[in-house]
Amino acid sequence: MTATPSQRNAPDIRQFVATLHSTPYPAIDPALVKLPSPYVVCIIGGGGAAGGGLARAYARAGASGIILAARNRQRLEEAAKEIRSIAPNAKVVVAGCDIASDTSLGELATTTRTEFNGRLDVVVANAGYSGLIIADVLQETAEDCETAFNVNTIGTFNAARHFLPLLLATKSGAKSFLAICSMAAPMVAGPMAHTHYCVSKAAQARIIEMIYEQYAGQGLFCASVHPGGLKSEFAKAMPEDMLHLLTEHPDLVGAFCLWLTKPEAWRQKKALNGRFLSCKWDVNELEGRFDEILDKDLLRLRFAVKYQKLPTNNLLTSYGYYKVYADLLQTTRLYCKFQPFGRCTEYYSEVNFIDTE
Ligand SMILES: NC(=O)c1ccc[n+]([C@@H]2O[C@H](COP(=O)([O-])OP(=O)(O)OC[C@H]3O[C@@H](n4cnc5c(N)ncnc54)[C@H](OP(=O)(O)O)[C@@H]3O)[C@@H](O)[C@H]2O)c1
């Protein structure tokens, strides 16, 4: 095992809070949410397990418009039938789309704009590709790698390019862009660590972090969400002896995403914006860690480095935590707590706190 301590302990993120759920529970029950009208949600990959759970949650909460997009329109029509039976007053639109195609995403954005007069509150990039689960780069295939990146990573990137303008232009909208990610993102070792999938999902999470940096200032909320283990078409690639890990109900991820994006969600939007989350985490316990998440900037990807304390006169102006570039470690970005017009009072690195302290 050659992984650094921070990578070896990466799976600990699963247990970020003590209580984990497999089914929806009262704190995130969609039936207790009343969305304003209009409220429009677009789910790219809207026909499978997680997609169905997402659509049901927003339908139960009273979304006025739901767009289900995927490649197979027939499967989508079946999903749409169920959603219409849950929310007979909602406008449910089925749209063919391949997230791996920029043109197709552009057409989906046009359909969304036309069908809902430019209104869009939430986009979920849910489509995913795994390929063969073999934790050995020599046995993985170039085709799997290419498809995983085209669907999971480039698809999310292009979905952001096409849909962010609509989200940002929607007056009083939820302005929310979610990527259904995976616990594979922080993974580097173990039988499930197939390189092409894990890395494509890590890159997807990084895209969310960068979108946050670029657009949170304009009111955008974005997050990467692990949907739990779902018995689905997608999960058929899993080895037989791992199938027992698929314990989550697809409605859990739907209810969790609704909890993140409902109008009164300002506290979670402030604390969790741009971060990697799991729908399994109990939201009351998660709320109990909001201050710590913000203070330590948790739940983001990091490089692990060791650092030396800086000379205290090495100051640059910025805001909040002042960014300082070390003389000794030119390439390492460090942060220091700063007193206005004073000296740095405390240093820490942009890395895993547990490892470096
Ligand atoms: N299942 C799990 O245990 C698990 C665990 C961790 C993360 N995830 C993530 O959760 C997400 C959903 O997985 P799932 O288990 O719900 O899968 P699923 O049941 O197979 O559903 C996937 C959905 O995405 C659509 N899709 C697939 N490729 C697409 C493409 N290129 N363009 C547009 N739509 C596409 C599928 O419809 P079409 O085939 O008709 O396009 C379907 O609607 C994925 O991102 C996956 O990585 C799943």
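The values are calculated or read from the model by the stated rules, or taken from the named source; none is laboratory data. Quick caveat: nothing in here was measured; it's all calculated off a predicted structure. All Cβ positions, glycine included, derive from the backbone under ideal geometry; neighbour counts span all protein chains shown.
Would region 293-310 turn up any residue that is modelled with pLDDT of 95 or more, of a type outside the set (D, E, K, R) and in contact with a Cys (Cβ under 9 Å, 6 or more places away or on another chain)? No, because not a single residue in region 293-310 is modelled with pLDDT of 95 or more, of a type outside the set (D, E, K, R) and in contact with a Cys (Cβ under 9 Å, 6 or more places away or on another chain). Does Ala87 meet the test of being more than 13 Å from the ligand (Cβ to nearest atom) and surrounded by 18 or more Cβ atoms within 10 Å (Cβ to Cβ)? So Ala87 passes the test.
Among the residues of region 140-160, those identified as surrounded by fewer than 24 Cβ atoms within 10 Å (Cβ to Cβ), hydrophobic (A, V, I, L, M, F, W, C) and closer than 27 Å to Thr110 by Cα are Phe149, Val151, Ile154, Phe157. So, in region 164-198, exactly how many residues are touching a residue at least 24 places away in the same chain (Cβ under 8 Å) and within 16 Å of the ligand (Cβ to nearest atom)? Residues flagged as touching a residue at least 24 places away in the same chain (Cβ under 8 Å) and within 16 Å of the ligand (Cβ to nearest atom) within region 164-198 amount to 18.
All of (1) buried (at least 19 other Cβ atoms within 10 Å of the Cβ); (2) within 30 Å of His194 (Cβ to Cβ); (3) not polar (S, T, N, Q) hold for Asp102 with one exception: (1). Tally the residues that are farther than 21 Å from Ala179 by Cβ, touching a residue at least 40 places away in the same chain (Cβ under 8 Å) and in a loop (DSSP other than H, G, I, E, B), restricting the search to region 109-131. Here the count works out to 3.
Inspect all residues belonging to region 146-161 and state whether any of them is in a helix (DSSP H, G or I), within 13 Å of the ligand (Cβ to nearest atom), touching a Gly at 6+ places or on another chain (Cβ under 8 Å) and not hydrophobic (A, V, I, L, M, F, W, C). Scanning region 146-161 turns up at least one residue that is in a helix (DSSP H, G or I), within 13 Å of the ligand (Cβ to nearest atom), touching a Gly at 6+ places or on another chain (Cβ under 8 Å) and not hydrophobic (A, V, I, L, M, F, W, C).
Being closer than 22 Å to Ala31 by Cα and of a type in the set (Val, Ile, Thr) is the filter here, so list the residues in region 254-307 that pass it. Correct list: Thr261, Val283. In region 132-144, which residues are away from the ligand (no atom under 15 Å from the Cβ) and part of a helix (DSSP H, G or I)? Result: Ala142, single match. The set of residues in region 34-43 being out of contact with any Phe, Trp or Tyr (no Cβ under 9 Å at 6 or more places or on another chain) and buried (at least 24 other Cβ atoms within 10 Å of the Cβ) is empty.
Residues being within 12 Å of the ligand (Cβ to nearest atom) and surrounded by fewer than 22 Cβ atoms within 10 Å (Cβ to Cβ): count how many of those fall in region 60-78. Residues in region 60-78 being within 12 Å of the ligand (Cβ to nearest atom) and surrounded by fewer than 22 Cβ atoms within 10 Å (Cβ to Cβ): 7 in total.
Condition (residue is crowded, with 22+ Cβ neighbours inside 10 Å, closer than 28 Å to Ala27 by Cα and of a type in the set (A, V, I, L, M)) applied to region 241-250: is it met by at least one residue? Within region 241-250, not a single residue is crowded, with 22+ Cβ neighbours inside 10 Å, closer than 28 Å to Ala27 by Cα and of a type in the set (A, V, I, L, M).
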